[in-house]
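Bear in mind these aren't lab numbers, they're just calculated from the coordinates by the rules spelled out. Since the model is a prediction, treat every value here as computed from it, not as a measurement. Every residue, glycine among them, receives a Cβ derived from its backbone with ideal geometry; neighbour counts consider all protein chains shown.
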Amino acid sequence: MAIRSSLENFQGARTLFVWGLALAWVSLCPSLSGCSLYRFGNCTLHAPNIRSVHVQMFENDTFRRGLGPWITEAVTKEIQLRTPYQIADASSADSFLRAAWLADRKTIVVETATDEGRDVGYTGQLEVTWTDRNGNPLMPSRVVKITEDVSFVPEVGQSVSTAQQDLIRKLAQQIVHQMEACW
């Protein structure tokens, strides 16, 4: 009876050892196959080696005043809202975001019988660069041109200012979208 008990204990220990080896092998397989650096969740959208961004004041090459600071503020808020990056000053930032407002254009899409704008389109175009501290581009290409269109209807009380506000919101979203990691 004692021999049988010790034999059962040995077989139980052996089974436990085999299961332990199998579990260890399964846990090592992903790291051996290249999946050890696999990331999931929100962190997959952003570069893991970047922790902070310095958003320089966006240049404004148009005749409309105040667009540079307005889009800079919108992009800064969008980065804080949608990314894990911290906004930092130039001396401590890991990366630098620069942009220039190249063009804004107002066009009449639909006009009334008296040649007034019934539906007016408003287009803005920016040129954006995002680089690391060494000047290496962090976007798919060194310079990304982003163009957005909005429309407004003056007859219902909308104005160029409301169109600019909507356009700046959309441009800021597009810039932050371009900061996501490529798949």
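Overview of values
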quantity: All positions within segment 66-80 that are free of Cβ contacts under 8 Å to residues at least 24 places away in the same chain and either within 14 Å of the chain's Cα centre (by Cα) or part of a strand (DSSP E or B) (or both); calculated: T76, Q80
quantity: Only one of E180, E155 that is in a loop (DSSP other than H, G, I, E, B) and among the charged types (D, E, K, R); calculated: E180
quantity: Enumeration of residues in segment 81-102 that are assigned to a loop (DSSP other than H, G, I, E, B) and not charged (D, E, K, R); calculated: T83, P84, Y85, A88, A90, S91, S92, A93
quantity: Selection from segment 105-150 of residues that are closer than 13 Å to L171 by Cβ and in contact (Cβ under 8 Å) with a residue 60 or more places away in the chain; calculated: L126
quantity: Test result for I168, under 20 Å from F63 (Cα atoms), under 18 Å from the mean Cα position of the chain (by Cα) and surrounded by 16 or more Cβ atoms within 10 Å (Cβ to Cβ); calculated: yes
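Conditions (1) buried (at least 16 other Cβ atoms within 10 Å of the Cβ); (2) within 25 Å of the chain's Cα centre (by Cα); (3) closer than 23 Å to T72 by Cα, marked per residue:
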residue: T107; (1), (2), (3): no, no, no
residue: V120; (1), (2), (3): yes, no, no
residue: N134; (1), (2), (3): no, yes, yes
residue: P137; (1), (2), (3): no, yes, yes
residue: S161; (1), (2), (3): no, no, yes
residue: Q164; (1), (2), (3): yes, yes, yes
residue: A181; (1), (2), (3): no, yes, yes
